[in-house]
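Structure first, then comments.
The values are calculated or read from the model by the stated rules, or taken from the named source; none is laboratory data. This structure is a prediction, so every number in the text was calculated from the model and none was measured. Ideal geometry is used to build each Cβ from the backbone, glycine not excepted, and the neighbour counts take in all protein chains shown. All accessible areas refer to the heavy atoms of the entire protein, side chains included, with ligands and DNA or RNA removed. Shrake-Rupley method; radii C 1.70, N 1.55, O 1.52, S 1.80 Å.
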Amino acid sequence: MSPRGPDPDASGREAAGGGEPPRDEDGWIGAIARRFPPGPRVRVGLGHDAAVVAFDGRDVVLKTDTVIDGVDFRLAACGARAAARKALAVTVSDLAAMAALPRACVVSAVLPRGIDFATFDALAAGFEDGARETDCEVVGGDTSVADAPLVLTVAAIGEPGPHGVVTRAGARPGMDLSVTGPLGGSILGRHLTFAPRVREAQVLAALGVPAAMMDLSDGLSTDLPRLAARSGVGAEVDAEALPVHPDVARLADGVAPWRHALDDGEDFELLLAHAPLSAATRAALAAADVTLHRVGRVTAAAGGVTLREGGRTVPLRRGGFDHLRSHPAGPTGG
Ligand SMILES: [Mg+2]
């Protein structure tokens, strides 16, 4: 496990110099990371999908995530049960990304003033759904009421699987980049119904496949540069190799399907860097019903993160999907 704690990215260092504030979320986080130097208990600190902390000789994996009505779901469209299930699933997805096994979680809800009991009960049912599906028991929580949209936060604890955790830091030039499923069009409903890839991560880890791994929450074009930066490498995505989810055809918005696969968020598939697969490993993955779609390769850092498309290689533009701004329909809950 090579990464240990904060490593502000370029924009973070820029801000620390006292000039312009950082330009994006990654920059903001990079700028504050130096306030939290990892102590001796920290095995994996800021900048990965989850943290790993040692307690009494055992490692535990920690993660929290928040979803908000109007940003990550639309309560009026999808209902409270689907929203709460999503809140738990997005958090567990980050544990899966570390090849950790979810164990327990606490949930926190900011309830809109005037909420009725049926909605509150549906939230509980959604958390129950997520907990059962992912084997991540709900063991406590907190509620507040505010003149605000519904906000759901899940903080989860996991333990490393039998083959240890996988971080974002192990990618090396020459490795392949693969994803565990087709991408794009999650706005049509999969952003609510996806299954965190806990099992797939365990299969991959047991076969020693992933050198670096993360889950795709913000879209490949936004998330891949994060993995590359954390590993200190470059990357090249092959547009023609991108596995496009059938949902993309239903969007029918004139945008190239591969562009949706590259930019749409909330697929929650795993992205991993790995050495080229042997025939035996391929057979073992197939036997375990785990599919890897190769989307590109790891390159030297100097090359940056690029996109190969139509015979040209161009810098990869970050086009991560925003559920509210990028598609006129917004989240449908469908
Ligand atoms: Mg993640």
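Each residue, ALA76 and ARG103, gets one label point 7 Å from its Cα in the Cβ direction; the gap between the two is 4.3 nm. Label-to-label distance, ALA249 versus ALA286, with points set 7 angstrom from Cα along the beta-carbon direction: 2.5 nm. Compared with the direct C-alpha span, the chain from ASP116 to GLU128 gains 2.4 nm at full extension, assuming 0.36 nm per residue. Solvent exposure of the chain, expressed per residue, is 44 Å² of accessible area, with all protein chains present and a 1.4 angstrom probe.
The 1.4 Å probe gives accessible areas that order SER217, SER278, SER186, largest first, as SER278, SER217, SER186. Share of carbon and sulfur in the accessible area of the stretch 176-315 stands at 54%, probe radius 1.4 Å. Accessible surface of the stretch 44-93, 1.4 Å probe: 56 percent of it comes from carbon and sulfur atoms. In this structure, ALA302 and GLU240 have a Cβ-Cβ separation that, at R0 = 25 Å, corresponds to a calculated FRET efficiency of about 0.55.
Here's the picture: charge each Lys and Arg Cβ at +1 and each Asp and Glu Cβ at -1 in the chain, and of ALA273, ILE157, THR143 the one pushed furthest to the positive end of that dipole is ALA273.
The protection proxy used here, the mean number of other Cβ atoms lying within 10 Å of each residue, ranks peptides 189-197, 116-124 as follows, highest first: 189-197, 116-124. When VAL138, VAL248 are compared by accessible surface with a 1.4 Å probe, the order from highest to lowest is VAL138, VAL248. Judged by the ratio a/c of the largest to the smallest principal axis of the C-alpha gyration tensor, the chain counts as rounded, that ratio being less than 1.5.
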